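Structure first, then comments.
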Amino acid sequence: MMVRHVVSVCTAAALASAALTGLAHADAQPAPTSAASQAAPRVMLGPATAKQKGAVTVKVVGAPKTCRSVQARSDAFVSAVALAKRGNPPVHSGRAVVKAKAAPGAHQVAVAGVGCGKWTAKARLTVLASPTPAPKVFKGTVTSKAGVNVRQQPTSRSAVTGAYRSGQSTGLICRKVGQPVDGNRIWYQVKSPKGWVTARYVKARGTVPLCK
């Protein structure tokens, strides 16, 4: 009798444990997928290196589908850029213009959406300095029969660095006031040979700008 009672108690305990386990499995729900587990939006720049006043294409892959809009911003851009959505899966893209005076070097490009939670995707843009344009050169003709000397400074007492013969054409970069030569105080800067020639013996074609 005692043995049968013990078996009954054990059987009841086992049945109760199985029932509780079944309830636990029935109530269990699959873990929701968190935003963190999704692939983060990724920014691509084309090109990643641009000159001042140049253009850059910004593309974003993986932005949430619920975004009402997606924008790219950078201190190197003229303004924020709204990225258009295209394709399936969607890719957001747009074209940004680099400022004329954007500092050469690395700049951060940040992309974020509106209406799709807080997220920011970033990329690095390298801005290159635009080359300094060569100064405009005006033509001049030597009028003196004896030619004219090229001086190191705009004065006839300065060292001679070269000379032009009578009737020779030369390039004039700019003009400034120097020592008077027969009453003419204007001197022209020339590139080759480097130096200055007096306007008394050189006739310019057009108005040569003042030297800065």
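The values are calculated or read from the model by the stated rules, or taken from the named source; none is laboratory data. On a predicted model such as this, the values are computed, not experimentally measured, just so you know. Cβ placement follows ideal geometry from the backbone for every residue including glycine, while neighbour counts extend to all protein chains displayed. Remember, those area values only see protein heavy atoms, side chains included, never the ligands or the DNA or RNA. Shrake-Rupley method; radii C 1.70, N 1.55, O 1.52, S 1.80 Å.
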Between A204 and S69, the two model label points (7 Å from Cα along the beta-carbon direction) sit apart by a distance in nm of 5.1 nm
Expected unfolding gain across S130-K118 under the 0.36 nm per residue rule, minus the alpha-carbon gap, is 0.7 nm
Under the Karplus relation with 6.51, -1.76 and 1.60 and θ = phi - 60°, whole-Hz ³J(HN,Hα) for region 200-211, x at Gly and Pro, equal 4, 10, 9, 9, 8, 9, x, 8, 7, x, 5, 6
Ignoring ligands and nucleic acids, W119 exposes an accessible area, probe 1.4 Å, in Å² to the nearest 10, of 40 Å²
Residues whose built amide H sits under 5 Å from the amide H of G162, excluding neighbours closer than 5 in sequence, are V150
Placing each pseudo-label 7 Å from Cα in the direction of the beta carbon, S166 and Q179 end up separated by a distance in nanometres of 2.4 nm
Under the 7 Å Cα-to-Cβ spin-label approximation, A40 and A55 lie apart by a distance in nanometres of 3.1 nm
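Quick one: net charge around A100, please, counting Lys, Arg +1 and Asp, Glu -1 for every other residue with C-beta under 14 Å from its C-beta. Don't jump to the answer; show the numbers that get you there.
On the way: positive: K51, K53, K99, K101; negative: D75.
Computed value for this residue: +3.
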